[in-house]
Amino acid sequence: MTLADVVNTLLIPPGIFRPNEGSIALAETALEYNGKFLELGTGSGFITIVLYQQGKRGEATDISDRALRCARGNFARFKVQARLFKSDLYQEVERTYDTIIFNPPTSFNEDENERVIKNIIKSLFPSLISRYISAFYQWRNSPAREAALLDFIRITKDYLTKGGRLLLCVLNADAIYLEENAPHYVRISRGRNTIDNTLLTVTYR
């Protein structure tokens, strides 16, 4: 079963983010690493399911109760026994991990209703129109998102084991910004690119 096949077998109710090319790239990259992982903002549970199918072990979080219910149902269907808990980023995280995986939202400040409405609108339109909708959200939230991503990279250091890494799927423009403004103690390397996104591996010196 390909990763695209896994996506197509997930039960994803309206308003929950549907895994895309960036999600698949994150999953494929995460499979390269051993050790305990944490997936932030798991949504449908896709990445954690893929990792568990390949013998990896870790935990998953989401801030949304709707997403947690969705992920819990998909975990049960795929017999995944990963710990799943509610957390606003690292708010309820109490340990360190070897790999942290995050496909961040267009806006860190959107509430659940905004997120649900945005995902429903995107799901109702063909892919080209959906891309224009996404582009509008991206443009509107660009400065705040870039600052939030930079803060997130700094904070993540406290939740990684020595030699651990952060995997991020960001917009192409955000990748350039992060490379130019990252703290001196991190090294950012690029992975797979899609039309809109770049996969970044962030390691800490």
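Values quoted throughout were computed directly from the atomic coordinates according to the rules given, and no laboratory measurement underlies them. Here the structure is a predicted model, which means the values were calculated and not measured. All Cβ positions, glycine included, derive from the backbone under ideal geometry; neighbour counts span all protein chains shown.
What to note about this one:
- Extension gain, residue 72 to residue 33: 0.36 nm times the residue separation minus the Cα-Cα distance gives 11.6 nm.
- The 3J(HN,Hα) values that the Karplus relation (6.51, -1.76, 1.60; θ = phi - 60°) gives for segment 89-104 are, in residue order, 6, 9, 3, 10, 8, 10, 9, 10, 9, 7, 9, 10, 10, 8, 10, x Hz. Gly and Pro appear as x.
- FRET efficiency for residue 204 and residue 147, using Cβ-Cβ distance with R0 set to 22 Å, rounded to 0.05: 0.65
- Scalar couplings 3J(HN,Hα) for segment 199-205, obtained by applying the Karplus form with A = 6.51, B = -1.76, C = 1.60 to θ = phi - 60°, are 8, 10, 10, 10, 10, 10, 6 Hz; x denotes Gly and Pro.
- Neighbour-limited loop hits for chymotrypsin sites (Phe, Trp or Tyr not before Pro), segment 159-193 (at most 13 other Cβ within 10 Å; DSSP other than H, G, I, E, B): 185
- Taking chymotrypsin sites (Phe, Trp or Tyr not before Pro) across segment 1-72, the ones in a DSSP loop with at most 16 further Cβ atoms lying within 10 angstrom of their Cβ are 33.
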